[in-house]
Amino acid sequence: MTPELQQAGAAKLAEFAAKSAEGQTSGDRSAGYGRVLGAEPDFAHGVALYLDDITVTFDGFRALNALSLAINVGELRCIIGPNGAGKTTMMDVITGKTRPDAGTASFGSNIDLLRLRENEIAQIGIGRKFQKPTVVEQLSVFENLELALKADRRARASLFSRLTGAQLDRIGETLQLIHLLPEAQRTAGLLSHGQKQWLEIGMLLMQEPKLLLLDEPVAGMTDEETERTAELFLSLEGKHSLVVVEHDMKFVDQLTEGWKKVTVLHEGSVLAEGPLSDVQANPKVVEVYLGR
């Protein structure tokens, strides 16, 4: 993306944020719900997600402190930082679980996330994976993906539904992508921890998300599973925007080799940002997170 395009995108987002803020008070988002079901986010300016001056306070504790962050379309961004830095709260704001005291959050240049409920945010193309996998253990791997398939879920449609050839192909492609094709008919509860993580990622992909939020996805995985997960995420880069919150620095290194940007959060705001080698050499990052 050229600097000119980046500047144009930033200007467009600033204009949108200003318009969205008109007539609202920062502490009362509940009255401003907007219905955009069926609307498509506008990514023409190359920005998938934009957070500006997001502040969240819990009982006097400032979990996010004027946090500003931009994620480009198709980008894979790793977010690191010590416990309590605000990483989970940031994801909660993006997905509508937590309403900030102040700031703006835009998906593309035309959708104000702070005016939407959690289910609406999921419908417009933001998927979130928590650290602990949540799959239906009594069903097979195939059935879990079928259950997650983006389709009409009304009672009558579900009762008489038949998988189309295209849907079967999509499930098969996803099974291949998440390394579970040989396990398609296996009961999900019998999978290893790492395989359950892959299955949940596959279930998210069945929803056709434009942005994936992944919270410590390799926690508890073996070295081999971690390496294959890195391969999976790198294969998704460019097709989806990915935000990966992780403490495993070896895994972060696998995902960000070269020029890719890493963001370090500390006390609710961005402490440092840039290539991993630069971040690791930053004295402030070493002091508060990486150790000496």
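Table for the structure above
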item: Glu224 vs. criteria exposed (fewer than 15 other Cβ atoms within 10 Å of the Cβ) and either modelled with pLDDT under 95 or touching a strand residue (DSSP E or B) at 6+ places or on another chain (Cβ under 9 Å) (or both); result: yes
item: Those residues of the stretch 174-189 which are touching an Asp or Glu at 6+ places or on another chain (Cβ under 7 Å) and surrounded by fewer than 14 Cβ atoms within 10 Å (Cβ to Cβ), in sequence order; result: Gly189
item: Residue tally, condition polar (S, T, N, Q) and closer than 19 Å to Thr174 by Cβ, over the stretch 93-142; result: 2
item: Residue match in the stretch 76-88 (condition: surrounded by fewer than 20 Cβ atoms within 10 Å (Cβ to Cβ), touching a strand residue (DSSP E or B) at 6+ places or on another chain (Cβ under 8 Å), in the same structural domain as Glu237 (by TED's automatic domain parsing) and modelled with pLDDT of 95 or more); result: no
item: The one condition in (1) under 12 Å from the mean Cα position of the chain (by Cα); (2) within 28 Å of Val279 (Cα to Cα) that Ile121 fails to fulfil; result: (2)
item: Residue check for Lys260: surrounded by fewer than 18 Cβ atoms within 10 Å (Cβ to Cβ), farther than 19 Å from Gly202 by Cβ and not β-branched (Val, Ile, Thr); result: yes
item: Out of Leu145, Leu168, Leu149, Leu181, sole residue that is under 22 Å from Pro209 (Cα atoms), modelled with pLDDT of 90 or more, outside the structural domain of Glu216 (by TED's automatic domain parsing) and within 24 Å of the chain's Cα centre (by Cα); result: Leu145
item: Helices (runs of 4 or more DSSP H) fully within the stretch 162-253 counting 3 or more residues that are touching a residue at least 40 places away in the same chain (Cβ under 8 Å), closer than 20 Å to Thr88 by Cβ and out of contact with any Phe, Trp or Tyr (no Cβ under 8 Å at 6 or more places or on another chain); result: 193-205
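Residues checked against (1) under 30 Å from Glu40 (Cα atoms); (2) of a type in the set (D, E, K, R):
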site	(1), (2)
His193	no, no
Glu208	yes, yes
Glu216	yes, yes
Glu224	no, yes
His240	yes, no
His247	no, no
Thr263	yes, no
Val270	yes, no
Lys284	no, yes
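The values are calculated or read from the model by the stated rules, or taken from the named source; none is laboratory data. Small disclaimer: the values here were computed from a predicted structure and weren't measured. Reconstructed Cβ throughout: ideal geometry from the backbone, glycine too, with neighbour counts over all protein chains shown.
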